[in-house]
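K.L.:
Okay, here's the structure, questions in a sec.
Please treat every number below as a calculation from the coordinates, not as lab data. Small disclaimer: the values here were computed from a predicted structure and weren't measured. All Cβ positions, even for glycine, are placed from backbone atoms using ideal geometry, and neighbour counts span all protein chains on display.
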Number of protein chains: 2
Amino acid sequence: MSAPVPPTVSTTHRLGLDPIATPDRLLLGPGPSNAHPTVLQALARTPIGHLDPLYVELMGEVQELLRYTWQTDNRLTIPMSGTGSAAMEATLANTIEPGDKVLVAVKGYFGHRLVDMAGRYRAEVVTIERPWGEAFSLQEIEEALITHRPTILAIVHAETSTGVLQPMEGIGELCRLHDCLLLLDTVTSLGAVPLFLDDWKVDLAYSCSQKGLSCPPGLGPFTMGPRAEAKMMARQDKVPNWYLDVTLLNQYWGSDRVYHHTAPVNMNFGMREALRLLAEEGLENAWARHRRNAEALWSGLESLGLELHVPEELRLPTLTTVRIPEGVDGKAFSLHLLDRHGIEVGGGLGALAGKVWRIGLMGYNSTPENVERLLNLFATELPAFRPSAPVAAAVG
Amino acid sequence: MSAPVPPTVSTTHRLGLDPIATPDRLLLGPGPSNAHPTVLQALARTPIGHLDPLYVELMGEVQELLRYTWQTDNRLTIPMSGTGSAAMEATLANTIEPGDKVLVAVKGYFGHRLVDMAGRYRAEVVTIERPWGEAFSLQEIEEALITHRPTILAIVHAETSTGVLQPMEGIGELCRLHDCLLLLDTVTSLGAVPLFLDDWKVDLAYSCSQKGLSCPPGLGPFTMGPRAEAKMMARQDKVPNWYLDVTLLNQYWGSDRVYHHTAPVNMNFGMREALRLLAEEGLENAWARHRRNAEALWSGLESLGLELHVPEELRLPTLTTVRIPEGVDGKAFSLHLLDRHGIEVGGGLGALAGKVWRIGLMGYNSTPENVERLLNLFATELPAFRPSAPVAAAVG
């Protein structure tokens, strides 16, 4: 073979950069939340091979601790090698066959995402809707199950876009009664809010790494119970998504350890430490801590005259939606918090865009100190953003 | 609403673990390879928000440096939030419409993976094949393009399963002539082996983070040229994969910055540093370093009497397949290297299972010191694994 003359290297895109110098933010938005320092240290460990016996052992630990955190015995419990949205898609991709009817209970942004995804897998998608800030009653769900007779009911436990916690009592029983799989989004509840997957008869669930688990984003915990597994195993065609195919992933994460893809080993180092720390604290303690700090935030905000968007009985301890007062430029205030104080607070999404701030107290960040720091800033610096009273804070 | 009695927390899966204590391995297998220490430090930085102005700036840097590394001007150049396999799937998912004919040139394991994936997107998949250890000639490719008239030709530049580097001269011109998109797997070549995407008229390519880029696994660089983009934009239906949908990802990575999914920010910190270090070294220097160290490995192995599986003109500088000598238990020797010396060397996959070791010298690991260390171990410790000569090393 004659040696061809290679082209010359172009330097058009060769940026000359300084070493990375991102600041230490306090992330009190809808996520990512700050990671535990121990978790960050784990990320920086030397990688090991994805088929190394020591890595295989670590995989087993991650699976087992995810089962504890979700309160499930599901064998098929693994972290997907992508973010929470990948795990969301995995629940649908593996179980939907073309023409299956999927009922999505939509009460915020992430319900709409489930609708979009399910449609791509050629499900017949039907929806029931509640306004952004409300939850579904058991009766509404039962009526929809009877009307639509779906194969899968998908619902969001903790709606990150609205701050609503969907009450779960009785939904799983209804799904069994009407021969339907129950798919639950636990992105903003896992590790932070009481969650009993098996007691609630949930067949499919997913979450993320960067909220209640105190790990950076990049992994999507996924779990599938026996009823969903039976549906997947009975499908006529291959799962129409290779990367998220649980029939293949099960050969890697199960006892066979057949190579599927090169696992994100460092992210899993972090996940292992995050779950270890949570098990050390104990789920009940972590749940109680989130509740306690959220309540302190709520009463502090209300005593500053601010209105919370969600009624107390449906309020999510991890994510609080605060109505932006009349005349205040909400975005300007959150940019001020970010630029001057290094604190991130979220804005509204979809129907709530421009109407609320979203304040997250999740995992490592759910502390009395963070609540106090934020309340102080709302008390002292928000008044300058109010149209009428540029100096004194309005107290309700 | 009456407060229901919550179930009690089960401790069945509550493992009590010690802090993580993985060892510092030297990873000289097919990947992951060791990450640069500076990259590992970047992973441990405090996360920032995925919509933070500083993160948006970092995204632009990563995109630009990926363009440099691939030698492409493609606007749609981004790291997918998954491993290399996710980026592989993204190239197919976005461009295949049901019934499209996809020609896969199969000469190893990863060619077969492309076949499997393309089928899931309902392509009509046709293949041409070469034995594991060989490459395709331009004539074979042209004949197949004429016979099959495919919409997409998919081929692997650097076959990690065999150690073969596919010569690329002329293939892109043929694809243009026959109105076909050229899709190239650069998983084991990006950053380490000469690669000129635009000169070669490649329309779609993907790679991984954990080889030539010296970053841990978890991100999948992806790029799409204007011809592939035109095909994607003309499709009748939505991309049948939400997570990897480039029409949506483009709104986040492009100038709109519309939220799609929460980016794995810490992995992107690492990617930014990995690409910065590569640009600092300069592509030509990195390519020359890989070539130099591979040649030292090859001559060292041959002088120990070992046979290399791939003829020199097709040999991949990043991954060398070494034939396991007659009578030697290849797996026992690699386990010995791992357990006693903390060095990982890969085994064969598929048609080469049990027949070869796979030795990687990639990115940060491509150094004369690593070559010398490994050659010393082959010289001094392999003889004990040979059936006939338990002490003295056979010198060729």
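K.L.:
Looking at the square roots a ≥ b ≥ c of the eigenvalues of the Cα gyration tensor of the stretch A:21-98, which shape do they give, rounded for a/c under 1.5, prolate if a/b is larger than b/c, or oblate?
P.N.:
Note, shape of the stretch A:21-98 comes out oblate.
K.L.:
Name the long-range amide H neighbours of A:LEU319: under 5 Å, sequence gap of 5 or more, or other chain; modelled H, no Pro or chain starts.
P.N.:
Long-range HN contacts for A:LEU319: A:LEU361.
K.L.:
Translational diffusion coefficient of the protein assembly as shown at 4 °C, 1.567 mPa s, Stokes-Einstein with Kirkwood Rh over Cα pairs, in µm²/s as a whole number.
P.N.:
Value of D from the Cα-based Kirkwood radius: 47 µm²/s.
K.L.:
Hey, another quick one. Averaged across B:194-200, how many Cβ atoms of other chains sit within 10 Å of each residue's Cβ atom?
P.N.:
Whole-number average of other-chain Cβ neighbours for B:194-200 is 2.
K.L.:
Counting other beta carbons within 10 Å of each Cβ, put A:MET271, B:MET59 in order, fewest first.
P.N.:
With the sparsest Cβ surroundings first, the list reads B:MET59, A:MET271.
K.L.:
Continuing with the same structure: Kindly rank B:278-287, A:91-100, B:260-269 from highest to lowest mean number of other beta carbons found within 10 Å of each residue.
P.N.:
Highest mean packing first, the order is B:260-269, A:91-100, B:278-287.
K.L.:
Right, here's the next one. Where does chain A land at 222 nm, in deg cm²/dmol rounded to the nearest 500, when only DSSP H runs of n ≥ 4 count, each adding -39500 (n - 2.57), divided by all residues?
P.N.:
It lands at -11500 deg cm²/dmol.
K.L.:
Take every residue in peptide A:118-126, count the Cβ atoms of other chains within 10 Å of its Cβ, and give the average of those counts.
P.N.:
2
K.L.:
Sticking with this structure for a sec: Using Cα-Cα distances under 8 Å and only pairs 6 or more residues apart, what relative contact order does the stretch A:37-280 have, in percent?
P.N.:
30
K.L.:
Give the peptides A:242-248, B:349-355 in descending order of average Cβ contacts within 10 Å, highest first.
P.N.:
A:242-248, B:349-355
K.L.:
Another question about this same structure. Quick one: which of B:76-85, A:227-236, A:29-38 comes out on top by average Cβ neighbours within 10 Å, and what's the full order, highest first?
P.N.:
In descending order of packing, they fall as B:76-85, A:29-38, A:227-236.
K.L.:
Can you pull the mean other chain C-beta count within 10 Å for peptide B:68-77?
P.N.:
Mean partner shielding for this stretch: 2.
K.L.:
Right, another one. Pull out a ≥ b ≥ c, the square roots of the eigenvalues of the alpha-carbon gyration tensor of chain A, then state rounded if a/c is under 1.5, prolate if not and a/b is larger than b/c, and oblate in the remaining case.
P.N.:
Oblate.
K.L.:
Report, for A:THR147, each distance to the same residue's label point in the other copies, shortest first and in nm; define the point 7 Å along Cα→Cβ.
P.N.:
5.7
K.L.:
Still on this structure: Subtracting the Cα-Cα distance from 0.36 nm times the residue separation, let me have the gained length for B:LEU138 to B:SER255 in nm, one decimal.
P.N.:
38.2 nm
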